[in-house]
Amino acid sequence: MPQLRRIAALLLSMVTVSGVLVLVTGTPSQAAVSCSGTVSYNKNYGPGELTIYYNSSNGGTNSACFYHQGAAYGVAAPTYVRTYRCTQTSGEGQPCTIAASSSADSGNYAYYAGPRGVTGAANYCVAAEGYIEWQGFTYYISSGRQGC
């Protein structure tokens, strides 16, 4: 019986340590980013669509997704998206001086790339860029500053 208690205690400690490691390695910005919220920017170009979403969590979280549409919907193609927090607080559509950046999401996706986002953007402009390579062309969209 004491042997079973030791094994149970060991397993419990392993689960506890694993749980702590998961909590420590995950970042709040990753947990808060999704392809949902209030749409603050949306643009279509060819078979792609760049959408920026806003959520008031974490001091203002902005995320972006680059969607396939039309004939590209459901077909794997190189797709990319990235989001930025700008240093500026005004000037929608103008170039963004980058204060913070999400990691890029790039791969052969059939439906969309993303979400990728930045936090702490409540009083700052954000920007996003993305593309899809489709039938020999690269359809690139850059939002410029948004949500200012």
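Using θ = phi - 60° and the Karplus curve 6.51 cos²θ - 1.76 cosθ + 1.60, what whole-Hz ³J(HN,Hα) does each residue of segment 131-148 get, with Gly and Pro shown as x?
7, 9, 9, 9, 6, x, 10, 10, 9, 9, 10, 10, 6, x, 5, 9, x, 6
Show me, for segment 87-92, the HN-Hα J-couplings you get by feeding each phi into the Karplus relation (A = 6.51, B = -1.76, C = 1.60, θ = phi - 60°), rounded to Hz, glycine and proline as x.
7, 7, 10, 7, x, 3
Can you work out the FRET efficiency for the pair S56 and Q135, with r the C-beta to C-beta distance and R0 = 35 Å, to the nearest 0.05?
Efficiency at R0 = 35 Å is approximately 0.30.
Which cross-chain or sequence-distant (5 or more) residues have an amide H under 5 Å from the amide H of S40, H modelled 1.01 Å from N in plane?
Here the answer is I52, Y53, Y54, since their amide H atoms fall under 5 Å of that of S40.
Bear in mind that the values in this text are calculations on the coordinates, not laboratory data. None of the values given here were measured: they were computed from a predicted structure. Backbone-built Cβ (ideal geometry, glycine too); neighbour counts: all protein chains shown.
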